[in-house]
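Below: the structure, in structure tokens.
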Amino acid sequence: MGSTGDCGNGKAAGGGRGGGLVVPEIKFTKLFINGEFVDAASGKTFETRDPRTGDVLAHIAEADKADVDLAVKAAREAFEHGRWPRMSGYERSRVMNKLADLVEQHADELAALDGADAGKLLTLGKIIDMPAAAQMLRYYAGAADKIHGESLRVAGKYQGYTLREPIGVVGVIIPWNFPTMMFFLKVSPALAAGCTIVVKPAEQTPLSALYYAHLAKLCTFDIIIQAGVPDGVINVIPGFGPTAGAALSSHMDVDSVAFTGSAEIGRAIMESAARSNLKNVSLELGGKSPMIVFDDADVDMAVSLSSLAVFFNKGEICVAGSRVYVQEGIYDEFVKKAVEAAKNWRVGDPFDAATNMGPQVDKVQFERILKYIEIGKNEGATLLTGGKPTGDKGYYIEPTIFVDVKEEMTIAQEEIFGPVMSLMKFKTVEEAIEKANCTKYGLAAGIVTKNLNIANMVSRSVRAGTVWVNCYFAFDPDAPFGGYKMSGFGRDQGMVAMDKYLQVKTVITAVPDSPWY
């Protein structure tokens with residue numbers, strides 16, 4: 001099943017930072033369609049590279065329109081005639097919990113795949129990403145047997161009720177910054193609802209998604225009744241956006257598309273959905289999130305939170321608090337300590353437990369971030385620290401801090417998706433709110449204050465889907481997540497996320513002899 005890459009398990013790849021690099025075994029490189037790993041119809045492959053060195057990790061089967069057609073056909077057959085939508089919620093719940101067990105059992109290997117493919121910290125993958133993925137599966141497993149409609153009080157001699165039914169075939173297009181979490185953020189509620197799924201992982205990071213397809217195949221736990229994830233329910237088709245992604249979003253037999261990525265691609269997906277079969281679309285797009293620090297804040301805590309908000313995952317996170325607004329009373333102290341903190345962030349091999357920040361995901365993103373840094377300098381912002389590549393191999397960039405940033409500057413308006421902090425000063429609460437809302441995005445915001453009145457006022461005034469007070473990156477499966485404005489629409493996480501994978505059907509029956517009307 002699948003094919004093995006060129007790198008053996010635990011093999012050291014020469015060069016890099018601090019000696020040889022551990023490269024996990026690459027087991028699955030083919031498309032996963034209708035329960036089998038298969039070559040692309042065209043026979044084409046593409047390279048996925050290790051951002052620590054730029055070296056090729058594996059050659060991955062490249063899906064295009066013909067492969068999308070096959071995957072959608074398999075998903076449609078599984079939806080229209082298969083067992084998954086017709087299982088009880090309890091049965092689906094059992095299968096999803098079994099899949100969560102398998103994710104936990106293979107957590108070390110999966111964290112290593114994401115580390116080598118995306119440059120993510122191995123330690124955090126083991127203690128955050130993998131447990132969170134299993135938790136997400138279990139959360140929606142618990143929802144699978146709680147999907148129900150309601151009775152209606154219909155006027156006249158009628159009785160009425162609603163049904164909530166799975167929407168059908170769901171196309172899932174996910175980004176490269178959190179390959180595991182994004183996979184289960186979309187797939188878990190869709191599975192609970194009884195949908196069938198075609199996943200296009202990002203071309204930069206396809207490895208863990210293919211491994212999850214393999215685990216779904218292993219998920220059968222009752223040979224007699226064949227309880228498990230049936231063939232065709234989960235299909236994984238690595239490929240490129242203009243080919244595989246476009247074919248999926250415009251496919252006439254796909255009922256819904258769930259996408260996380262850039263606003264530019266989100267707009268293209270909406271257009272494709274409209275021009276095809278008017279399929280349902282949910283979009284979680286970019287962000288330019290403000291971090292607002294008030295005079296009464298503990299400066300050390302605020303600096304720590306702000307550094308985490310923008311440098312975590314090398315800034316490759318949609319909710320990065322990249323615009324840091326600090327009230328004038330503590331601004332100078334904050335700037336000094338923020339620079340010290342940035343210089344203490346260790347940039348290096350994500351497989352090294354002492355590393356705080358690994359490499360950017362690929363050469364394209366690496367060069368894009370460096371270009372934004374140059375734009376910031378050219379537009380008049382002052383570079384206090386960082387701003388340069390580091391190391392002699394791979395896509396590493398120093399944690400970077402700018403001051404003297406104006407709201408109209410490119411680095412304050414556009415999503416950089418890298419370790420670049422823009423530090424700005426404000427005087428009043430009203431000014432902070434105005435500056436925070438001075439963006440086309442509205443995904444998240446952070447507030448640091450000891451004053452409950454200020455926290456309440458600002459959290460109600462900032463136009464963002466999530467507001468963190470005296471914390472950051474506090475995610476939970478029960479907390480809905482999504483954006484305002486150009487950060488998209490629809491919500492992941494929470495019970496509300498089930499809505500985008502369900503249809504509501506009204507049933508009204510005439511009851512002519514009823515005494516109630």
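The values are calculated or read from the model by the stated rules, or taken from the named source; none is laboratory data. Since the model is a prediction, treat every value here as computed from it, not as a measurement. Neighbour counts run over all protein chains shown; Cβ positions are idealised from the backbone, glycine included. Surface accessibility is based on the protein's heavy atoms, side chains included, excluding ligands, DNA and RNA. Shrake-Rupley method; radii C 1.70, N 1.55, O 1.52, S 1.80 Å.
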When the residues of the stretch 355-381 are narrowed to those that are outside any helix (DSSP H, G or I) and open to solvent by 50 Å² or more (accessible area, probe 1.4 Å), which ends up nearest to I317 (Cα to Cα)? N356
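Against the condition open to solvent by less than 10 Å² (accessible area, probe 1.4 Å), more than 21 Å from P166 (Cα to Cα) and hydrophobic (A, V, I, L, M, F, W, C), how does I292 come out, does it pass? Walk me through how you get there before you give the answer.
Working: open to solvent by less than 10 Å² (accessible area, probe 1.4 Å): yes; more than 21 Å from P166 (Cα to Cα): yes; hydrophobic (A, V, I, L, M, F, W, C): yes.
The answer is yes for I292.
Do you know which residues across the stretch 136-160 are over 28 Å from V95 (Cβ atoms) and open to solvent by 30 Å² or more (accessible area, probe 1.4 Å)? Walk me through how you get there before you give the answer.
Quick first cut of the stretch 136-160, residues over 28 Å from V95 (Cβ atoms) only: 151-160.
Selection gives S151, L152, R153, V154, A155, K157, Y158, Q159.
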Taking the stretch 108-131 and keeping residues open to solvent by 10 Å² or more (accessible area, probe 1.4 Å) and closer than 17 Å to A213 by Cβ leaves E109
Pick from the stretch 19-38 the residues that are farther than 12 Å from G239 by Cα and of a type in the set (D, E, K, R): which of them is most open to solvent (accessible area, probe 1.4 Å)? E36
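Can you go through E104, E91 and tell me which one is part of a helix (DSSP H, G or I) and over 25 Å from T205 (Cβ atoms)?
Working: E104 fails: over 25 Å from T205 (Cβ atoms).
The unique qualifying residue is E91.
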Those residues of the stretch 169-193 which are over 20 Å from I60 (Cα atoms) and surrounded by fewer than 24 Cβ atoms within 10 Å (Cβ to Cβ) amount to M181
For residues that are within 11 Å of G194 (Cα to Cα) and either free of Cβ contacts under 8 Å to residues at least 24 places away in the same chain or of a type in the set (D, E) (or both), tally how many sit in the stretch 138-170. 2
Result of the Cβ filter at 6 Å on the stretch 32-50, keeping first residues that are more than 23 Å from V229 (Cβ to Cβ) and partners that are open to solvent by 80 Å² or more (accessible area, probe 1.4 Å) and hydroxyl-bearing (S, T, Y), at least 6 apart or interchain, is none
Checking the structure you have, find out if any residue of the stretch 299-314 is without any contact (Cβ under 8 Å) to a residue 60 or more places away in the chain, of a type outside the set (D, E, K, R), part of a loop (DSSP other than H, G, I, E, B) and open to solvent by 60 Å² or more (accessible area, probe 1.4 Å). no
Considering only residues that are open to solvent by 10 Å² or more (accessible area, probe 1.4 Å) and either of a type in the set (A, V, I, L, M) or in contact with a helix residue (DSSP H, G or I) (Cβ under 6 Å, 6 or more places away or on another chain) (or both), which ones fall in the stretch 425-448? K425, V429, I433
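May I ask you to say which residue of F351, F334 is touching a helix residue (DSSP H, G or I) at 6+ places or on another chain (Cβ under 8 Å), farther than 16 Å from G418 by Cα, modelled with pLDDT of 95 or more and not in a loop (DSSP other than H, G, I, E, B)?
Numbers: F351 fails: not in a loop (DSSP other than H, G, I, E, B).
The unique qualifying residue is F334.
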Y161 is checked against (1) out of contact with any helix residue (DSSP H, G or I) (no Cβ under 9 Å at 6 or more places or on another chain); (2) of a type outside the set (D, E); (3) assigned to a helix (DSSP H, G or I) and fails just one. What number does that condition carry? (3)
Going through the stretch 382-410 in order, the residues found to be open to solvent by 50 Å² or more (accessible area, probe 1.4 Å), closer than 13 Å to C438 by Cα and touching a residue at least 24 places away in the same chain (Cβ under 8 Å) are K406
